[in-house]
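Laboratory data are not the source of any read-out in this text; all were calculated from the coordinates shown. These figures come from a predicted structure and were not determined experimentally. When we count neighbours, we look across all protein chains shown, and the Cβ atoms used for this are built from the backbone with ideal geometry, even at glycine.
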């Protein structure tokens with residue numbers, strides 16, 4: 001039987017849109033569903049060191065802490081190479097553990113996934 005997969009695509013750098021894909025991916029992992037998070041466009045700004053550590057809403061941990069928890073659980077976080085170029089980042093430091101991939105990877109993941117959610 002094929003393992004079920006949910007693809008979460010993060011397109012925003014808005015603080016209020018950061019928690020949902022991380023919380024849902026962690027919940028999917030707990031449900032034995034394979035979660036993959038793909039950061040695209042302006043969302044890459046969140047993945048720069050310290051950017052997410054400055055972001056916190058309500059009683060939730062910082063977005064940086066949520067990203068660390070997500071990666072520690074073995075959840076794959078992918079970053080679009082073309083989006084780096086769009087932002088003018090020839091060389092940029094991102095948080096450890098993210099995987100930089102080509103734009104076609106998103107198409108492949110969407111075709112493979114049992115469900116996709118966009119944020």
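Values as computed for the structure displayed
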quantity	calculated
Among 77, 46, 100: highest mean-square fluctuation, GNM of the chain, C-alpha pairs under 10 Å	100
Relative packing of peptides 56-68, 26-38, 81-93 - highest average C-beta neighbours within 10 Å first	26-38, 56-68, 81-93
Near-label residues of region 27-68 by backbone N, under 15 Å of a point 7 Å along Cα→Cβ of residue 85	41
Contact order relative to length of the chain, as percent, for alpha carbon pairs under 8 angstrom and 6 or more apart	35 percent
Residue 54/residue 23 FRET efficiency (R0 30 Å; Cβ-Cβ; nearest 0.05)	0.95
CD proxy at 222 nm, helix term only [per DSSP H run n ≥ 4: -39500 (n - 2.57); per residue of the chain; nearest 500]	-9000 deg cm²/dmol
